[in-house]
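Q: I'd like to ask you about the structure that follows.
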Amino acid sequence: MTTPCTNNRLHLFVDGELSATEAEAFRQHLTRCSECESGLRDLLQLELLAARALGGAAPVAESPEVVEPVTAKVLPLRARLQKVYRTALPLAMAAGLATVFIRFQAPPEIPGEVWLSSADSRTFEARLSHPKADRFLPYSPMRGTSHATEMLPLRPLAELEERHDFRGIAAAYALRGDWQQAEAFLGREAESADKANDQAVVALSRQRYEEALGLLTSALRQNPNHAQALWNRALVLRERDLLDRAAASFDTVASLGEEGWSAEARRMAAELRTQLAEERVRWRRQVTDAWLTLTGDAPWDAKQLAQRPVVARAALYEAVRTVTSKEGVEALLPLAKELDTLGGGSVLQDYVRQVATRDFAARAPLAQGYAGLLRERETKKDATALLESLRRSGERDIYFGALVHTGSAVVDATALSALKGFAEGTPDPWLHLLAEREGIRRELAAGHTALAEKQLMDAMLTCNGLGNIVPCMELN
Amino acid sequence: MANLFNRERRRYEAFIRQHRPSLLGLARRLSARSSLEAEDLVQETFERAMNEFEALKDRTDAAAAAWLCTTMTNRFLDYCRRQRTESRGMPHLALVQEGVAQGEAQENWELVSTEEFQKAVERLKPHLRDAYRLHAEGKRYNAIAEHFNVPVGTVGSWLTLARRDLKDLLLPQVAVARERGATSS
Ligand SMILES: [Zn+2]
């Protein structure tokens, strides 16, 4: 006879290898056995890691349908709908739309309901190119899902197919949340800026942001004033947290003077700029507070600071650049270690140790000058003088900080190459991204918008891949 | 303010999108052959995450995942306790409350990155590694048994061994990292 604690019982339970009765007995046992409970906690953490690291599906006793990962509250309805469409519509498609079609004497009018003409709000934020599907309506994501319950009338669809208006069919499906069908029909549409735009809307709905940006860039190359593509580009950039670029794209939409959309675009741009400004203020304040803690006299706890790894990392760089003694730098080592534990490797510890070997008789005045820059006490003239002495000194990390802080590299090519040179000499991924950002700002200033936005998206993707240990928002 | 609310909501939605699939996979395994709905378990977990989101959003991905896992495990254990007491007509035991930092299992696992995990899997003995990979891909015991031409019971013990070895490989690293952080502060 096996007792519940032995014979891999816990593993069999978690792997769904027990019978219903055995599983029930084991669940009862779990509530009384602290050993199995803590075993379960560890095992589930391990299995979640496996799912995140190896990306596979977990074994399940039954085989439930796959559900799209969307917000929990919206999900049940959508899941149900998708099921309806998966069964009902492909059947109709298999029968062939053309056979459903009955020929009329005159080309029939396509009823507006195909594109939800009686709707009083939009169900998604993106804009489709089809004029009937691009009426301006207030956006209300929560109410909107109810449109999807309306079945698609098949006769007009067949008529559209006859006319080779695949973009119109795709729009009808997209408005009802059936992106799979929308994508399939778009595939049959002839190449155009409109097609690329609508494909981008599909990619956007599936969170394939890089693909969406590529399609939109192609649409805008064909037609630089494509209102829907400009609008959708703003959405893609916003999804990647590039709020500043998103606002700029909304500005362009606003300038086109479309009824309804223009005002909405202006409002969106203003909102994004407010958000960004508020976030920047909040971020600066958090980093400054942490920096003052690190460089102040009161004791601090590295573990506690590392609970906010992004803020702590930014503050650590500033602290290393501004302390004026070897002892001061060495005192920062515990935080560097704690943050390296989260990020992997030893970049921050190596940085701290390397700075500790510097000659502080020469470094201290520069560190103080940099601290003045951070407190914004220096005038523009002082800043220029400081940058010049930093350039001539060997304190390249402070020089790097000052260049980023003053944004000099955007206007000064020598400064940019100094910045890149320093970043390439360190293994710290965040410094690489910062140097890249300054280069991209330069591209933007030169008017190379599409290239710069592509690079920004890539940088943001790299940044997000680091796992929330560096301030990706700063890439704006 | 409306715009801040929107921004936070988008962040929260992105957070759900990132963690939901792996969490749901786990929930389905826990709720198999019971009256518990995996979707409910995950939804309850994310509702708690919403209350804690202010603190969670600044943590690393690994730390957020570990927190969600602990929270979901607690929800599951609550369910088991309720089942037990309901079947005996007793009021159910007090629910466990989550804070953002709690639980020994969570504290250890939140420092393990997915790369470290992948490296640890590489270091397993070949048959344990392959069996574990097949399992992670969603294969049942009998399918893995067929693949290696071994009895089903062997697969069970291989997986148990693989997990023990993974834990042995990963958790000492965490302990060392903590040790280094602690002694120098
Ligand atoms: Zn037990």
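The values are calculated or read from the model by the stated rules, or taken from the named source; none is laboratory data. Here the structure is a predicted model, which means the values were calculated and not measured. Backbone-built Cβ (ideal geometry, glycine too); neighbour counts: all protein chains shown. These accessible areas exclude ligands, DNA and RNA; they are computed on the full protein's heavy atoms, side chains included. Shrake-Rupley method; radii C 1.70, N 1.55, O 1.52, S 1.80 Å.
Q: Which residue pairs have Cβ atoms closer than 8 Å, lie 6 or more positions apart in sequence or on different chains, and pair a first residue in segment A:194-207 that is closer than 11 Å to A:ALA126 by Cα and away from chain B (no Cβ under 14 Å) with a second residue that is among the charged types (D, E, K, R) and part of a loop (DSSP other than H, G, I, E, B)?
A: A:ASN197/A:ARG127; A:ASP198/A:GLU189; A:VAL201/A:ARG127
Q: Need pairs with beta-carbon distance below 9 Å; first residue touching a residue at least 24 places away in the same chain (Cβ under 8 Å) and among the hydrophobic types (A, V, I, L, M, F, W, C) and within segment A:234-263, second open to solvent by 50 Å² or more (accessible area, probe 1.4 Å) and not in a helix (DSSP H, G or I); sequence gap 6+ or separate chains.
A: A:LEU256/A:ASN225; A:TRP261/A:PHE136
Q: Those residues that are among the hydrophobic types (A, V, I, L, M, F, W, C) and surrounded by fewer than 22 Cβ atoms within 10 Å (Cβ to Cβ), I need them from segment A:171-185; list them, please. Break it down stepwise before answering.
A: The first filter runs over segment A:171-185 and keeps only residues among the hydrophobic types (A, V, I, L, M, F, W, C), leaving A:171-172, A:174-175, A:179, A:182, A:184-185.
Passing the criteria: A:TRP179, A:ALA184.
Q: In addition: Can you tell me how many residues in segment A:244-275 are hydrophobic (A, V, I, L, M, F, W, C) and modelled with pLDDT under 90? Can you show your working first?
A: Here is the first cut: in segment A:244-275, the ones hydrophobic (A, V, I, L, M, F, W, C) are A:246-248, A:250, A:253-254, A:256, A:261, A:263, A:265, A:268-270, A:272.
After this cut, where a residue has to be modelled with pLDDT under 90 as well, the list is none.
Residues meeting the conditions: 0.
Q: With the condition being within 17 Å of A:LYS132 (Cα to Cα), I'd like the helices (runs of 4 or more DSSP H) fully within segment A:162-236 carrying at least 1 qualifying residues. Spell out how you get there, then give the answer.
A: Numbers: elements: A:166-175, A:179-186, A:193-205, A:209-222.
Per the criteria, A:166-175, A:179-186, A:193-205.
Q: Is there a residue in segment A:354-370 that is under 22 Å from A:VAL310 (Cβ atoms), out of contact with any strand residue (DSSP E or B) (no Cβ under 8 Å at 6 or more places or on another chain) and in contact (Cβ under 8 Å) with a residue 60 or more places away in the chain?
A: Here is the first cut: in segment A:354-370, the ones under 22 Å from A:VAL310 (Cβ atoms) are A:355, A:370.
The next check asks that each one be out of contact with any strand residue (DSSP E or B) (no Cβ under 8 Å at 6 or more places or on another chain); those that pass are A:355, A:370.
So of that shortlist, the ones also in contact (Cβ under 8 Å) with a residue 60 or more places away in the chain come out as none.
No, every residue in segment A:354-370 fails to be under 22 Å from A:VAL310 (Cβ atoms), out of contact with any strand residue (DSSP E or B) (no Cβ under 8 Å at 6 or more places or on another chain) and in contact (Cβ under 8 Å) with a residue 60 or more places away in the chain.
Q: Ok, one more. Based on this model, can you work out whether A:VAL355 counts as touching an Asp or Glu at 6+ places or on another chain (Cβ under 9 Å), hydrophobic (A, V, I, L, M, F, W, C) and within 12 Å of chain B (Cβ to nearest Cβ)?
A: Values: touching an Asp or Glu at 6+ places or on another chain (Cβ under 9 Å): yes; hydrophobic (A, V, I, L, M, F, W, C): yes; within 12 Å of chain B (Cβ to nearest Cβ): no.
So A:VAL355 does not fit the description; no.
Q: Between B:ALA62, B:ALA145, which is at pLDDT 90 or above and out of contact with any Phe, Trp or Tyr (no Cβ under 9 Å at 6 or more places or on another chain)? Outline the logic, then answer.
A: On the way: B:ALA62 fails: out of contact with any Phe, Trp or Tyr (no Cβ under 9 Å at 6 or more places or on another chain).
The conditions single out B:ALA145.
Q: When segment A:27-56 is examined, which residues are found to be within 9 Å of the ligand (Cβ to nearest atom) and either modelled with pLDDT of 90 or more or of a type outside the set (A, V, I, L, M) (or both)? First the steps, then the outcome.
A: Of segment A:27-56, the ones within 9 Å of the ligand (Cβ to nearest atom) are A:29-30, A:32-37, A:39.
Within segment A:27-56, A:HIS29, A:ARG32, A:CYS33, A:SER34, A:GLU35, A:CYS36, A:GLU37, A:GLY39 meet the criteria.
Q: Select the helices (runs of 4 or more DSSP H) contained entirely in segment A:277-353, then report the ones holding at least 2 residues which are under 22 Å from A:LEU373 (Cα atoms) and open to solvent by less than 40 Å² (accessible area, probe 1.4 Å).
A: Working: elements: A:302-305, A:309-322, A:326-330, A:333-343.
Answer list for segment A:277-353: A:309-322, A:326-330.
Q: Quick one: which residue in A:THR252, A:THR217, A:THR274 is within 14 Å of another protein chain (Cβ to nearest Cβ) and of a type in the set (Ser, Thr, Tyr)? Don't jump to the end; show me each part of the working.
A: Numbers: A:THR252 fails: within 14 Å of another protein chain (Cβ to nearest Cβ); A:THR217 fails: within 14 Å of another protein chain (Cβ to nearest Cβ).
Step by step, each of A:THR252, A:THR217, A:THR274 is checked, and only A:THR274 is within 14 Å of another protein chain (Cβ to nearest Cβ) and of a type in the set (Ser, Thr, Tyr).
Q: Going through segment A:294-322 one residue at a time, which ones are more than 14 Å from every other protein chain (Cβ to nearest Cβ) and closer than 25 Å to A:SER393 by Cα?
A: Start the filter on segment A:294-322 by keeping residues that are more than 14 Å from every other protein chain (Cβ to nearest Cβ), which leaves A:295-298, A:317-322.
The answer is A:THR295, A:TYR317, A:GLU318, A:ALA319, A:VAL320, A:ARG321, A:THR322.
Q: If I filter segment A:1-15 down to residues being more than 8 Å from the ligand (Cβ to nearest atom) and modelled with pLDDT under 90, which single residue comes out as farthest from B:LEU68 (Cα to Cα)? Talk me through it step by step, then tell me what you get.
A: Of all residues in segment A:1-15, those more than 8 Å from the ligand (Cβ to nearest atom) come to A:1-2, A:6-8, A:11-15.
Remaining after also requiring modelled with pLDDT under 90: A:1-2, A:6-8.
Values: A:MET1: 36, A:THR2: 32, A:THR6: 28, A:ASN7: 28, A:ASN8: 25 Å.
The qualifying residue farthest from B:LEU68 (Cα to Cα) is A:MET1.
Q: Please verify whether segment A:375-387 includes one or more residues that are open to solvent by less than 10 Å² (accessible area, probe 1.4 Å) and of a type outside the set (Ser, Thr, Tyr).
A: Looking through segment A:375-387, none of the residues is open to solvent by less than 10 Å² (accessible area, probe 1.4 Å) and of a type outside the set (Ser, Thr, Tyr).
Q: Going by the conditions given, is A:ARG221 surrounded by fewer than 24 Cβ atoms within 10 Å (Cβ to Cβ) and within 16 Å of the chain's Cα centre (by Cα)? Give the derivation first.
A: Numbers: surrounded by fewer than 24 Cβ atoms within 10 Å (Cβ to Cβ): yes; within 16 Å of the chain's Cα centre (by Cα): no.
No: the conditions fail for A:ARG221.
Q: Give A:SER255, A:SER262 a once-over and let me know the one that is open to solvent by 40 Å² or more (accessible area, probe 1.4 Å), polar (S, T, N, Q) and under 27 Å from A:MET457 (Cα atoms). Walk me through how you get there before you give the answer.
A: Working: A:SER262 fails: open to solvent by 40 Å² or more (accessible area, probe 1.4 Å).
Only one candidate qualifies: A:SER255.
Q: Could you go through segment B:26-48 and let me know if any residue there is open to solvent by 10 Å² or more (accessible area, probe 1.4 Å), of a type in the set (A, V, I, L, M, F, W, C) and under 30 Å from A:LEU466 (Cβ atoms).
A: No, because not a single residue in segment B:26-48 is open to solvent by 10 Å² or more (accessible area, probe 1.4 Å), of a type in the set (A, V, I, L, M, F, W, C) and under 30 Å from A:LEU466 (Cβ atoms).
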